[in-house]
Amino acid sequence: NGLADRYGVPLSYLVASNELFDPSSLLPGEELIVPSGGVVHTVRPGQSLEDLALTYGVAVETIRAANGITGEPLPGERLLIPHPVWVPQVAALELGPPGAGFIWPLRGRFTSGFGPRTHPVYGGGDFHTGIDLAVPVGTQVRAAAPGEVIWAGWRGNYGLLVIIDHQNGYSTYYAHLSQVRVSPGQFVEWGQVIGLSGNSGLSTGPHLHFEIRRWGEPVNPLPLLP
């Protein structure tokens with residue numbers, strides 16, 4: 001808040017422009033982007049203007065006009081997102097800071113861990129490929145890291161499922177949703193709402209089933225979360 005007050009900009013703009021999820025990690029003399037009238041966003045590989053419009057709630061043409069561009073931006077290019085309706089990175093502050101590159105998709109009651117267990121529906125031995133977090137139906141589910149949505153829809157026992165490819169060998173799964181808020185091919189940011197929790201598919205009650213996969217193989221999410 002001290003920096004935001006000093007420069008007269010909203011704290012959310014500073015957080016998003018610098019991916020400042022852990023203010024305590026700032027070092028003396030470290031340079032920061034101090035935005036004026038919006039968020040300064042550094043474009044990621046594969047990220048389009050339409051993606052940015054959906055991320056921040058700002059029209060594509062507004063972003064074009066603010067930056068004097070006509071085509072798609074290049075990776076690494078910095079764009080001003082003027083007066084965003086929402087700044088998902090602020091939610092990442094509450095769900096992070098990122099540990100090994102991920103934040104929690106939501107806060108809920110931990111009900112089942114990764115690994116061998118008794119199957120909750122069929123009984124008998126089972127290997128749980130993720131973790132379960134009990135939450136009321138309709139709780140906002142947020143992207144645990146930036147990436148491209150590669151699945152958004154119904155998939156068997158998962159019910160309504162979103163899969164995000166993080167383009168570094170990792171992917172995340174968000175299952176048993178009641179509603180999907182993203183589409184395949186869309187690029188999402190830290191903390192962006194991707195759906196609402198639910199009880200769809202093979203489920204014994206309202207919760208989020210969350211997986212992290214490395215090269216397609218499920219890994220224990222807990223060591224990778226803050």
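The values are calculated or read from the model by the stated rules, or taken from the named source; none is laboratory data. Here the structure is a predicted model, which means the values were calculated and not measured. Cβ coordinates were reconstructed from backbone atoms using ideal geometry, including for glycine residues, and neighbour counts include every protein chain displayed.
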| task | With the condition kept exactly as written, say whether any residue in region 42-51 is over 18 Å from Ala91 (Cα atoms), exposed (fewer than 12 other Cβ atoms within 10 Å of the Cβ) and at pLDDT below 95. | result | yes
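Scan region 194-216 for residues that are surrounded by fewer than 18 Cβ atoms within 10 Å (Cβ to Cβ) and more than 16 Å from Ile150 (Cβ to Cβ) and jot them down. It would help to see each step written out before you state the result.
First, the residues of region 194-216 that are surrounded by fewer than 18 Cβ atoms within 10 Å (Cβ to Cβ): 199, 201-202, 204-205, 214-216.
Selection gives Asn199, Gly201, Leu202, Thr204, Gly205.
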| message | Within region 1-39, take every residue that is modelled with pLDDT of 85 or more and over 22 Å from Leu95 (Cα atoms) and give me the one that is surrounded by the fewest Cβ atoms within 10 Å (Cβ to Cβ). | response | Gly37
| said: Can you pull out every residue in region 100-127 that is exposed (fewer than 14 other Cβ atoms within 10 Å of the Cβ) and either hydrophobic (A, V, I, L, M, F, W, C) or touching a Pro at 6+ places or on another chain (Cβ under 8 Å) (or both)? | reply: Ala100, Phe110, Val121, Gly125, Phe127
| request: State yes or no: is Gly191 under 15 Å from the mean Cα position of the chain (by Cα), crowded, with 23+ Cβ neighbours inside 10 Å, in the same structural domain as Gly101 (by TED's automatic domain parsing) and farther than 20 Å from Gly101 by Cα? | output: no
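Those residues that are farther than 19 Å from Pro10 by Cβ and under 18 Å from the mean Cα position of the chain (by Cα), I need them from region 50-95; list them, please.
Once the filter is applied, which keeps residues that are farther than 19 Å from Pro10 by Cβ and under 18 Å from the mean Cα position of the chain (by Cα), region 50-95 yields Glu50, Asp51, Ala53, Leu54, Leu95.
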| request: Could you tell me whether region 52-60 includes any residue that is within 21 Å of Ala145 (Cα to Cα), at pLDDT 90 or above and among the polar types (S, T, N, Q)? | output: yes
| said: Checking the condition over 17 Å from the mean Cα position of the chain (by Cα) and farther than 16 Å from Thr55 by Cα, which residue from Ser203, Ser197, Ser171 passes? | reply: Ser203
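Does Phe110 satisfy the criteria of being aromatic (Phe, Trp, Tyr), in contact with a helix residue (DSSP H, G or I) (Cβ under 8 Å, 6 or more places away or on another chain) and within 28 Å of Asn168 (Cα to Cα)?
Judged against the criteria, Phe110 is not a match.
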| task | For region 144-156, state whether one or more residues are more than 15 Å from Tyr173 (Cα to Cα) and more than 18 Å from the chain's Cα centre (by Cα). | result | no
| request: Answer yes or no as to whether Ile81 is modelled with pLDDT of 95 or more, of a type in the set (A, V, I, L, M) and in contact with a helix residue (DSSP H, G or I) (Cβ under 6 Å, 6 or more places away or on another chain). | output: yes
